[in-house]
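The values are calculated or read from the model by the stated rules, or taken from the named source; none is laboratory data. Since the structure is predicted, the reported quantities are computational estimates derived from the model, not experimental observations. Here the Cβ is made from the backbone with ideal geometry for all residues, glycine too, and neighbour counts use every protein chain on show. Ligands, DNA and RNA are stripped out before the accessible areas are found, and what is left, the full protein with its side chains, is counted by its heavy atoms. Shrake-Rupley method; radii C 1.70, N 1.55, O 1.52, S 1.80 Å.
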Amino acid sequence: MGYSRKEEIAKLRRERKEAKAAKKRKENVREKLVRFLIVCEGTKTEPHYFEALIKNYISTVREVTIEGEGRATVALVDRTLEIRQELERKNAMSFDRVWVVFDKDDFDDFNDAIKKANKLGFRSAWTNEAFELWYYLHFEYLDTGISREAYIDKLQNAFRKKMGDDNFKYCKGNPDIYRLLQQYGREELAKRFAQQLRALYTGIDYATHKPCTMVDILVEELEHPDLILKSKNETKSLT
């Protein structure tokens, strides 16, 4: 049996109403979500740490994509731009936060990388000199610049002391490092010490800010994406 003209009109109105409601639900979901893109210099050390962190801090308003590229400084920033464009085009969406994670290493373009990231609207979770500084700050304050190898030695000794195990060996890329830091170190201490280190330096010659790290800022955002969402919604209400 066919529909009458009146029934067809009612059906069309109902379908339009349902489509509008579905679109509204989709928009509401988007407004309640913070999308992160984190591109790391290392292929294991940093990705393992951040992957474990987001699993530990479960959030319904956070979506994170982590890439380990094995590139450093400016080359990493360039690759981050490519990844962002590829993913946003492929998934028809945009990232709210794009972070680049890298160390000072022996490269001469450290400052250039930070400057270029800022120009592109990216945030830099850089460390001078090694990512292990962030780990070590979970145990002790350190404001003396030391070598990459020395960080590893000091970190290993700090773990041994807390564990009571002289045979413990720190290995880069250990997928269990986040759990170990949570168990034997103090993250709040690391955040406070990182802020104290940044307060020691002025100017934009970041290559001379040693030791120093910005990792705590990224960690804070990943742990509390609701604060970013709140800020984003407040800004939207003012426009």
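What to note about this one:
- For Trp126, nonlocal amide neighbours, meaning residues 5 or more places apart or on other chains whose placed amide H falls under 5 Å from its own, are Phe102, Met214.
- Debye equation applied to the C-alpha atoms of region 99-239, log10 I(q)/I(0) at 0.12, 0.13, 0.18, 0.21 Å⁻¹: -0.54, -0.63, -1.09, -1.34
- Residue separation of Thr43 and Arg79 scaled by 0.36 nm, minus their Cα-Cα distance, works out to 11.6 nm of gained length.
- Across the chain, the mean sequence separation of Cα contacts (distance under 8 Å, 6 or more residues apart), normalised by length, yields a relative contact order of 22 percent.
- DSSP-assigned coil residues among trypsin sites (Lys or Arg not before Pro) in region 94-195, each with at most 15 further Cβ atoms within 10 Å: Lys169, Lys172, Arg186
- Rounded to whole numbers, the Karplus 3J(HN,Hα) couplings from phi for region 43-56 are 8, 10, 3, 5, x, 4, 4, 6, 4, 5, 4, 6, 6, 6 Hz, using 6.51 cos²θ - 1.76 cosθ + 1.60 with θ = phi - 60°, and x at Gly and Pro.
- For region 103-239, accessible area per residue (1.4 Å probe, heavy atoms of protein chains only), Å²: 53 Å²
- Distant-in-sequence amide contacts of Glu67, defined by a placed amide H-H separation under 5 Å and a gap of 5 or more residues or a different chain, comprise Ile38, Val39, Cys40.
- Taking a Cβ cut-off of under 14 Å around Phe159, the surrounding Lys, Arg, Asp and Glu residues balance to a net charge of +2, with basic ones at +1 and acidic ones at -1.
- Percent of Cα-Cα distances greater than 19 Å, calculated over region 137-192: 25 percent
- Evaluated on the chain, the Kirkwood hydrodynamic radius is 20.1 Å, with distances taken between all distinct Cα atoms.
- Rounded to the nearest 10 degrees, the inclination of helix 187-198 to the longest alpha-carbon principal axis of the chain is 70 degrees.
- Length gained when the stretch Thr202-Lys161 is fully extended (0.36 nm per residue, less Cα-Cα span): 11.3 nm
- Surface composition of region 91-178: carbon and sulfur atoms hold 42% of the protein heavy-atom accessible area at a 1.4 Å probe.
- More than 22 Å apart - percent of Cα-Cα pairs taken over region 72-172: 46 percent
- Under 15 Å from Lys169, Cα to Cα: aspartates and glutamates that are on another chain or at least 8 residues apart: Glu132, Glu149, Asp153
- Phi-based couplings in Hz for region 114-123 (Karplus 6.51, -1.76, 1.60; Gly and Pro marked x): 5, 4, 5, 4, 4, 4, 7, x, 8, 10
- The length gained on full extension between Met93 and Asn118, counted as 0.36 nm times the residue separation minus their Cα-Cα distance, comes to 6.9 nm.
- The chymotrypsin sites (Phe, Trp or Tyr not before Pro) of region 43-82 meeting both criteria, a DSSP state outside H, G, I, E and B (loop) and at most 15 other C-beta atoms within 10 angstrom of the site's C-beta, are Tyr57.
- Violating pairs (Cα-Cα greater than 26 angstrom) within the set Lys55/Lys232; Lys32/Lys116; Lys162/Lys191; Lys104/Lys230; Lys210/Lys230: Lys32/Lys116; Lys104/Lys230; Lys210/Lys230
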